[in-house]
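S.K.: First, the structure itself, so that you have it in front of you.
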Amino acid sequence: MNDIAQKISELSEAIRRHNRMYYVLDDPEISDAEYDRLFRELVELERQYPELAAPDSPTKKVGAPPQKTFSAVQHTIPMLSLENGFNDKGLIDFDGRIRKFLGESREVEYAVEPKIDGLAVEIVYEKGLLTVASTRGDGSVGEDVTANIKTILTVPLKLTQKENRPLPPDLLEVRGEVYMERAAFQKLNDGRLQKGLPPFANPRNAAAGSLRQLDHRVTVKRPLNMFCYGFGTITNPAFDTYYEMMLALQEWGLRVNRPHIRLCRDVKNVMAYCHEIEEKRDQFPYEIDGAVIKTNRLDLQARLGTKSRSPRWAMAFKFKPTQETTRIRKIAVQVGRTGVLTPVAHLEPVEIGGVTVSRATLHNPDEIERKDVREGDTVVVQRAGDVIPEVVKVVSSKRTGDEKKFVMPSHCPVCGSAILRRESEVALRCENPLCPAQVRGAL
Ligand code: IVH
C-alpha cells in the first residue's frame, strides 16, 4: 500500500511539473503521448485505490494557474478539459455512458470536428463589441490577453449584424482555439534561426508563446488564427443544437471550422468520421491531435452536465501519437547522393503511430549544436506523415552526466576524403565525386 501511495505521489508531482512546462512556460519537456500515459496511469491507480487519491490531484484539475504577470480574468462558467479516448472502444463506451445517463434507448446525435492543437481562449462580446479575451488558465481564472487577441485578423472586433437575421446576444462569451498554421510556423522558426533566436518546438508552443506575450506588438507580428467551438455565458440563447450555434457564430463573423464539423446520427458514424479525419490528418494546414465529439442537442448537454475536469457530453478521440520519447544509443553519419553528410541518431527502438522507429535524422551539425543533442540522451522523436523521423528535443532532466558530445568526422566515413563546408551552407560535404556513397546513390 505504501508503495502505491508513493507511486501516486510521484506521478502527481511529475504531472504537475509537466503541466507547468506545457501551460506556463509553453515549452513541454516530454511528448504528449508520454504525458497521456502518466495521466492515465494516475487515473487508473486512483480508480483502484480511491482512498489514496488526493483532493488536489492533477487528475481533477485543468491546466495551470494564470501567471502573475498578466491580469487575472474570472471565467463566468469554468473552462474545462476533455476526457480522452484512444480507440473505438472509447467511443462506444462514451456513447453507452451518455445513453445510460439519459435513460435513452434511441440513438443520440453527435457533432464531430477536428481537435485543433493550440491553446484555448475565451472572448467576451458585449453588445457586439469585443471587450475581454483570456486564456483558460486553471479553468476558473485565466490570463487577460485582450490586446493580443485583438491583433488576430480573423477575430472580429465587432460582430456582424445582418438584416432580418438573429442579432448577436447582448453578452456572448465564445470559446475556441488559437493556433498557428504549419507553414507559418515553419517560416517563423526559419526567421528565428537566422536571427540566432531559439526556435519553437512545434506550432502549439509557437501559438501559445505568441499569444502569451506582455507586449502585443510582438503578437501582431505572429501569424495566429482562431477557430470557435464553444461558449460560456450567453444572454437568451435561442438555439437548440451545437450545430445551429456554430452556424450563428459564423453569421456574426466568427470563424468556425465549418466544412469539417459533421453531424453523426449514431456512434457508428462517429467512428467512421473520426477515422476519416485521422486519415486526412496531414492534409490539414494546421496540426490536429484528435477529433472532438459533442452531443448536438444543447438540452441534452445541460442534462448531462459536467464532472470536475470535463463535461459528460463531450470527449476527445486522440489520434495515434506522432512524437515519442526514447534514448539515443549512438550518433552516426550518413553520406547521401550529393555528398552531404547527415548525422543520424540510432535509437532504442520505439513505436510511433504503429511504426517502429530506430533512427531519426539530426539534420546537420548546427542543429545538433542548437538542440545540444548528445549520445546517450533521452530525446523526443517525431514521425509525422511521410516525413523522415527527426529528433525534436532533448529531455534534459534525464541527463545523467554520462552523455557524450558528438563531433562530426573530418573525413568522409565512406571514402576517407576530407570534408568541406561550402560557403553559406550549413551542410558538410564529401566533395569526392567518386565516393562510393555518391556513386551508389547516383545509380
Ligand atoms: S470543445 C469543455 N472542440 O482540446 C471543453 N475543444 O483537450 C469543450 N480543443 O480544452 C472543448 N479543438 O482547448 C473543443 N474542436 C474543439 C477543440 C477543442 C481543440 C481543445 C480545447 C480543450 C482541449 C481538451
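The values are calculated or read from the model by the stated rules, or taken from the named source; none is laboratory data. Note that this is a predicted model, so its numbers are computed, not measured. Heads up, the Cβs are rebuilt from the backbone with ideal geometry, glycines too, and the neighbour counts pull from every protein chain shown.
S.K.: Out of curiosity, is V141 more than 16 Å from the ligand (Cβ to nearest atom), surrounded by 17 or more Cβ atoms within 10 Å (Cβ to Cβ) and more than 30 Å from P285 (Cβ to Cβ)?
M.R.: The answer is no for V141.
S.K.: OK, next. Scan R212, R165 and give me the residue that is basic (K, R) and more than 30 Å from R383 (Cα to Cα).
M.R.: Unique residue meeting the criteria: R165.
One line per residue, one yes/no per condition, for (1) surrounded by 16 or more Cβ atoms within 10 Å (Cβ to Cβ); (2) more than 22 Å from the chain's Cα centre (by Cα):
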position: M180; (1), (2): yes, no
position: F185; (1), (2): yes, no
position: G209; (1), (2): yes, no
position: A238; (1), (2): no, yes
position: M246; (1), (2): yes, yes
position: L249; (1), (2): yes, yes
position: E278; (1), (2): yes, no
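S.K.: Which of the residues that make up segment 326-343 are surrounded by 20 or more Cβ atoms within 10 Å (Cβ to Cβ) and either assigned to a strand (DSSP E or B) or aliphatic (A, V, I, L, M) (or both)? So that I can check it myself, show each step before the final result.
M.R.: If we filter segment 326-343 for residues that are surrounded by 20 or more Cβ atoms within 10 Å (Cβ to Cβ), which is where we start, we get 326, 328, 331, 335, 339, 341, 343.
If the condition is that a residue be surrounded by 20 or more Cβ atoms within 10 Å (Cβ to Cβ) and either assigned to a strand (DSSP E or B) or aliphatic (A, V, I, L, M) (or both), then T326, I328, I331, V335, L341, P343 are the ones that fit.
S.K.: Suppose we keep only residues that are within 16 Å of the ligand (Cβ to nearest atom) and among the β-branched types (V, I, T) within segment 197-238. Which one would you say is farthest from Q74 (Cα to Cα)?
M.R.: In this case the residue turns out to be I234.
S.K.: Only one of these is without any contact (Cβ under 8 Å) to a residue 24 or more places away in the chain, closer than 16 Å to T326 by Cα and aliphatic (A, V, I, L, M): V380, V394. Name it.
M.R.: Exactly one residue qualifies, and that residue is V394.
S.K.: Could I ask something else about it? Give the residues of segment 98-129 that are within 16 Å of the ligand (Cβ to nearest atom) and either part of a loop (DSSP other than H, G, I, E, B) or surrounded by fewer than 15 Cβ atoms within 10 Å (Cβ to Cβ) (or both), sorted by residue number.
M.R.: If we filter segment 98-129 for residues that are within 16 Å of the ligand (Cβ to nearest atom), which is where we start, we get 98, 110-123.
Within segment 98-129, D117, G118 meet the criteria.
S.K.: Testing Q194 on (1) within 16 Å of the ligand (Cβ to nearest atom); (2) free of Cβ contacts under 8 Å to residues at least 24 places away in the same chain; (3) more than 22 Å from I116 (Cβ to Cβ), one condition comes back false. Which one is that?
M.R.: (1)
S.K.: Which condition does E351 not pass, out of (1) on the phi > 0 side of the Ramachandran plot; (2) modelled with pLDDT under 95, if it passes all the others?
M.R.: Among (1) on the phi > 0 side of the Ramachandran plot; (2) modelled with pLDDT under 95, the lone unmet condition for E351 is (1).
S.K.: In segment 280-294, which residues are exposed (fewer than 14 other Cβ atoms within 10 Å of the Cβ) and either within 11 Å of the ligand (Cβ to nearest atom) or within 16 Å of F227 (Cβ to Cβ) (or both)?
M.R.: P285
S.K.: Something else about it: Pick from segment 76-86 the residues that are modelled with pLDDT of 95 or more and more than 11 Å from the ligand (Cβ to nearest atom): which of them is surrounded by the fewest Cβ atoms within 10 Å (Cβ to Cβ)?
M.R.: T76
S.K.: On the basis of being under 26 Å from G139 (Cβ atoms), surrounded by fewer than 22 Cβ atoms within 10 Å (Cβ to Cβ) and in contact (Cβ under 8 Å) with a residue 12 or more places away in the chain, does R312 make the cut?
M.R.: Yes.
S.K.: Next up: Taking A133, is it assigned to a strand (DSSP E or B) and either more than 16 Å from the ligand (Cβ to nearest atom) or at pLDDT 95 or above (or both)?
M.R.: Judged against the criteria, A133 is a match.
S.K.: Of the conditions (1) surrounded by fewer than 15 Cβ atoms within 10 Å (Cβ to Cβ); (2) of a type in the set (G, A, S); (3) more than 24 Å from F86 (Cβ to Cβ), A272 satisfies every one except a single condition; which number is it?
M.R.: Just one mismatch for A272, condition (3).
S.K.: Then there is this: Consider only pairs whose beta carbons are under 9 Å apart and that are at least six residues apart or on different chains; among these, list those whose first residue lies in segment 100-116 and is modelled with pLDDT under 95 and whose second residue is surrounded by fewer than 16 Cβ atoms within 10 Å (Cβ to Cβ) and assigned to a helix (DSSP H, G or I).
M.R.: Filtered contacts from segment 100-116: S105/R99; R106/R99.
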